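The values are calculated or read from the model by the stated rules, or taken from the named source; none is laboratory data. This is a predicted model, so every value here is computed, not measured. When we count neighbours, we look across all protein chains shown, and the Cβ atoms used for this are built from the backbone with ideal geometry, even at glycine. Note: accessible area is taken over every heavy atom of the protein model, side chains too, but ligands, DNA and RNA are not part of it. Shrake-Rupley method; radii C 1.70, N 1.55, O 1.52, S 1.80 Å.
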Amino acid sequence: MIHSDKNASAPKLIPAGPARAEIRVANSRFIATAAPAATVDAARAMIAGVRAEMPDASHHVYAYIVGHGATTTLSMTDDGEPPGTAGRPVMAVLKGSGLGDVALVVTRYFGGTLLGTGGLVRAYGDAAKAVLAVLPREQKIERRELSVTLPYAAYEPARRLLAAHAGSVLEETFAADVSLRISLPLAEVAAFEREIGELTAGQARIGDKETRR
């Protein structure tokens, strides 16, 4: 596993959903699967899912890039192919895509013909390119988590205000007041805080801010 520095100001692109593509090289099938992976655990779960889906395959070569910004976590494997012929070309294609929070698995069903070192590099790289060509993309939006405590009378209006700012409720607690843990796009936080203050005549209490990248 490798940690690398990235330019925090660069556009942050992530998969908008999963995709799959298949190529054939000298009777071998190379099935490439790519999917969002916002954490290392999510990447590992995706890889395990592909392995479980195609347990009879010869190899499951993977590469993933988790994160954007100052620290990015990368990992790859040749999964039994000659060293440097599988995981490395898949990772090279993945890094060249500009994507983060992405996992890519190339599953090979051996077709009986040896491809040689150069042939393997091309085949795994081409399979990775094929799935990235059809992978939907979206811009990653930085979000911030807030805790909001407010009177019961403000609960429904606050929910509507949150939705208007593309926010979501992560957790709710109903006691003397209503306590919410919410997530908002970073660009919407200041406006939401101002408007929730106006909505509750200053009774809302906001705290515990945490940015999610």
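Filtered by the rule that a residue be open to solvent by less than 50 Å² (accessible area, probe 1.4 Å), in contact with a strand residue (DSSP E or B) (Cβ under 7 Å, 6 or more places away or on another chain) and closer than 16 Å to ILE196 by Cα, the range 137-153 gives GLU145, LEU146, SER147, VAL148, THR149, LEU150. Scan the range 176-186 and tell me whether some residue there is open to solvent by 30 Å² or more (accessible area, probe 1.4 Å), assigned to a strand (DSSP E or B) and more than 30 Å from ASN27 (Cα to Cα). Within the range 176-186, one or more residues are open to solvent by 30 Å² or more (accessible area, probe 1.4 Å), assigned to a strand (DSSP E or B) and more than 30 Å from ASN27 (Cα to Cα). Is it the case that some residue within the range 75-88 is among the hydroxyl-bearing types (Ser, Thr, Tyr), open to solvent by less than 30 Å² (accessible area, probe 1.4 Å) and under 19 Å from the mean Cα position of the chain (by Cα)? For the range 75-88, residues among the hydroxyl-bearing types (Ser, Thr, Tyr), open to solvent by less than 30 Å² (accessible area, probe 1.4 Å) and under 19 Å from the mean Cα position of the chain (by Cα): present. Among the residues making up the range 95-107, those that are out of contact with any Gly (no Cβ under 8 Å at 6 or more places or on another chain) and either among the acidic types (Asp, Glu) or modelled with pLDDT under 95 (or both) are LYS95, GLY96, SER97, GLY98, LEU99.
Once the range 189-213 is narrowed to residues that are modelled with pLDDT under 90 and within 14 Å of LEU146 (Cα to Cα), the residue that is least open to solvent (accessible area, probe 1.4 Å) is GLY207. In this structure, is SER4 at pLDDT 90 or above and among the small types (Gly, Ala, Ser)? No; evaluated as a whole, the condition is false for this residue.
Residues in the range 111-127 that are among the hydrophobic types (A, V, I, L, M, F, W, C) and at pLDDT 95 or above: LEU120, VAL121, ALA123, ALA127.
Which of the residues that make up the range 100-118 are at negative phi, outside any helix (DSSP H, G or I) and not aromatic (Phe, Trp, Tyr)? Of everything in the range 100-118, those that are at negative phi, outside any helix (DSSP H, G or I) and not aromatic (Phe, Trp, Tyr) turn out to be GLY100, VAL102, ALA103, LEU104, VAL105, VAL106, THR107, ARG108, GLY111, THR113, LEU114, LEU115. Test of understanding: among ARG24, ARG44, which residue is open to solvent by 60 Å² or more (accessible area, probe 1.4 Å) and in a strand (DSSP E or B)? Only one candidate passes the filter, namely ARG24. Restricting the range 124-158 to residues that are in a strand (DSSP E or B) and under 19 Å from the mean Cα position of the chain (by Cα) leaves a set whose member that is nearest to SER58 (Cα to Cα) is ARG137.
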